[in-house]
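Read the structure below first, then the notes.
The values are calculated or read from the model by the stated rules, or taken from the named source; none is laboratory data. Since the structure is predicted, the reported quantities are computational estimates derived from the model, not experimental observations. Glycine also receives a Cβ, built like all others from the backbone with ideal geometry; neighbour counts cover every protein chain displayed. These accessible areas exclude ligands, DNA and RNA; they are computed on the full protein's heavy atoms, side chains included. Shrake-Rupley method; radii C 1.70, N 1.55, O 1.52, S 1.80 Å.
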Amino acid sequence: MEYVSTRGSAPALDFAGATLAGLASDGGLYVPREWPRFSADEIAAMAGLPYAELAARIMQPFVGDSLTPQRLLELTTQAYGRFAHKAVTPLRQLDQQQWLLELFHGPTLAFKDVALQLLGLLFEEFLGRGGDPLTIVGATSGDTGSAAIDAVAGRARVDIFMLHPKGRVSDVQRRQMTTVLAPNVHNVAIEGTFDDAQAMVKRMFNDPAMTGRFAIGAVNSINWARLMAQVVYYFAAALQLGAPQRKVAFAVPTGNFGDVFAGYVAAQMGLPVERLIVATNVNDILHRALTSGDYSQGTVTPTAAPSMDIQVSSNFERLLFDLNGRDGAALAAQMAGFEKTRAMQLTNAQREGAAALFSSARVEPEEMAQAIRWAFDASGELLDPHTAIGLHAARGAGIDPAVPVVTLATAHPAKFRDAVERATGQRPSLPARIGDLFEREERMIELPGDYDAIAHYVAKHAVPRG
Ligand SMILES: *Cc1c(COP(=O)(O)O)cnc(C)c1O
């Protein structure tokens, strides 16, 4: 499979190349040249497969010649062997129609482990074939950072520099990053918001002074391999609920549009998806874009669901590209306009294409708290704030009662204990696998939200090309 940039001018790469490159050199994002498609019979034949085998089956067309089927299965078996639940991503029923897909059984308690445990292994595999050592630079609102650090800590030929907005991640999230003391892990707390951190990371990818000296790689969901890994659990859930004979709807608490874009990919591959419900908090750029075509950046309001406190959703570009006839030059012009004015209007093709599969909701803090209480009363489940936002949107989406609605449970409630306690009076306990997190030594550096300071720090500590 070949990968092309959404902005049309970067060279096409194979899967290994796209995995190591992260962002394309023209500022775009890599997408497969076409969507592989499974027939209904092929999908039906996947029912009952163990998760690691299902994962290898679904990913093989994307991986192409970069890995043999046998090697891919070894890697998925290793990655998903670290999950605390045998089903990897178990489903739980809340009532007649509503289901939860628990994606938080990995080592750092958020869904990002599902993709990053595999990505860490893919980096090691591809770097082991030679080439330059990899310098991963990432921005995190909390969960990506801990999951990425867990996935690459101590691995050969890779350094990771993880920027988080100082004081805006939860204690559990921060400690999951800063207590990893492996020498290839560099935690940086910056003054500013997640969007500021992400903008600096993007700038580094486009800074020849840095890309000339270092092979810079991405663990954010701009990296295609992450989305590919996330496609798998849409199939896993739908198969358990009767796909391909029966349609399923998904509600997805959304920030960077990565997780829900993976649902779109699953639908393109032939999975019968009734609807994808994009749930946002008050940082609602995606809700505005999907309801009125207005994609304009507001200021970020910090909330109890910090992984959704985002006002520029990188992966939305992948959808806009696909819905606009995959015209890279046109999208490059549209994105250049956005980058200049921080606002753009979707084209008619983009609006109509999105409306065919997506709906959206903006969920207020009080509705989030209500959803936590509802789930607790209905089934004794404690939800984290992100999941609760998804569930509120799921229940309000007006989906045909015959269609199951699956909310993606993106984090373990213990990761956001204070918000859960405020809503329910119940304080979720940390799972045993987190161990002595609060006794461990922390290590991080604080820097101003200033590109030059960050570039200087990375240049001083990373291993150059060659
Ligand atoms: C990252 C994250 C999200 C948002 O996912 P995107 O792929 O950025 O849309 C939602 N919930 C939690 C708990 C997360 O960690």
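What to note about this one:
- Residues in the range 383-409 that are open to solvent by less than 10 Å² (accessible area, probe 1.4 Å) and β-branched (V, I, T) were compared, and the one that is farthest from the ligand (Cβ to nearest atom) is V405.
- Failed item in (1) over 30 Å from P208 (Cα atoms); (2) away from the ligand (no atom under 16 Å from the Cβ); (3) in contact (Cβ under 8 Å) with a residue 24 or more places away in the chain, with W374 passing the rest: (3)
- Filter result (part of a loop (DSSP other than H, G, I, E, B) and closer than 19 Å to N324 by Cβ) within the range 13-43: A24, D26, G27, G28, R33, E34, W35
- V232 vs. criteria in contact with a strand residue (DSSP E or B) (Cβ under 8 Å, 6 or more places away or on another chain) and of a type in the set (V, I, T): no
- Close pairs (6 angstrom Cβ cut-off, 6 or more residues apart or separate chains): more than 16 Å from A79 (Cβ to Cβ) and near the ligand (Cβ under 8 Å from one of its atoms) in the range 138-150, of a type in the set (V, I, T) and open to solvent by 10 Å² or more (accessible area, probe 1.4 Å) anywhere: G142/V169
- Residue among A199, A209 that alone is open to solvent by 20 Å² or more (accessible area, probe 1.4 Å), away from the ligand (no atom under 12 Å from the Cβ) and within 18 Å of the chain's Cα centre (by Cα): A199
- Candidate set from the range 149-190 (those that are over 20 Å from A459 (Cα atoms) and in contact with a Leu (Cβ under 8 Å, 6 or more places away or on another chain)); member that is modelled with the lowest pLDDT: V172
- G27 of a type outside the set (S, T, N, Q), on the phi > 0 side of the Ramachandran plot, open to solvent by less than 40 Å² (accessible area, probe 1.4 Å) and at pLDDT 95 or above: no
- Near pairs, Cβ below 6 angstrom, 6+ apart or cross-chain, from the range 200-220 (touching a residue at least 12 places away in the same chain (Cβ under 8 Å)) to any residue that is among the acidic types (D, E) and assigned to a strand (DSSP E or B): none
- Options I222, I216: the member that is under 17 Å from G145 (Cα atoms) and away from the ligand (no atom under 16 Å from the Cβ): I216
- Here the condition is being closer than 25 Å to A10 by Cβ and open to solvent by 20 Å² or more (accessible area, probe 1.4 Å); of E42, E34, it holds for E34 alone.
- For the range 48-58, a residue qualifies if it is of a type outside the set (F, W, Y) and either open to solvent by less than 60 Å² (accessible area, probe 1.4 Å) or assigned to a helix (DSSP H, G or I) (or both), and the qualifying residues are L49, A52, E53, L54, A55, A56, R57, I58.
- Where strands (runs of 3 or more DSSP E) fall entirely within the range 222-333, those with at least 2 residues that are open to solvent by 10 Å² or more (accessible area, probe 1.4 Å) are at 273-280, 294-296.
Here's the yes/no breakdown for (1) within 13 Å of the ligand (Cβ to nearest atom); (2) of a type in the set (D, E, K, R); (3) in contact (Cβ under 8 Å) with a residue 60 or more places away in the chain:
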{"residue": "Q230", "(1), (2), (3)": "yes, no, yes"}
{"residue": "A237", "(1), (2), (3)": "no, no, yes"}
{"residue": "N256", "(1), (2), (3)": "yes, no, no"}
{"residue": "L271", "(1), (2), (3)": "no, no, yes"}
{"residue": "V278", "(1), (2), (3)": "yes, no, yes"}
{"residue": "N283", "(1), (2), (3)": "yes, no, no"}
{"residue": "P302", "(1), (2), (3)": "no, no, yes"}
{"residue": "A305", "(1), (2), (3)": "yes, no, yes"}
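- Meets criteria (over 24 Å from A411 (Cα atoms) and either out of contact with any helix residue (DSSP H, G or I) (no Cβ under 6 Å at 6 or more places or on another chain) or away from the ligand (no atom under 13 Å from the Cβ) (or both)) for R246: yes
Yes/no matrix, rows are residues, columns are (1) modelled with pLDDT under 90; (2) of a type in the set (A, V, I, L, M, F, W, C); (3) farther than 23 Å from A237 by Cα:
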site	(1), (2), (3)
R395	no, no, no
G398	no, no, no
V405	no, yes, no
L408	no, yes, no
P413	no, no, no
E421	no, no, yes
P431	no, no, yes
R440	no, no, yes
I445	no, yes, yes
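- Among the residues listed as D294, D322, the single one being touching a residue at least 60 places away in the same chain (Cβ under 8 Å) and charged (D, E, K, R): D322
- Matching option when the condition is in a helix (DSSP H, G or I), out of contact with any helix residue (DSSP H, G or I) (no Cβ under 7 Å at 6 or more places or on another chain), modelled with pLDDT of 95 or more and surrounded by fewer than 22 Cβ atoms within 10 Å (Cβ to Cβ), among A336, A378: A336
- Failed item in (1) farther than 29 Å from I136 by Cβ; (2) open to solvent by 50 Å² or more (accessible area, probe 1.4 Å); (3) in a helix (DSSP H, G or I); (4) touching a helix residue (DSSP H, G or I) at 6+ places or on another chain (Cβ under 9 Å), with V420 passing the rest: (2)
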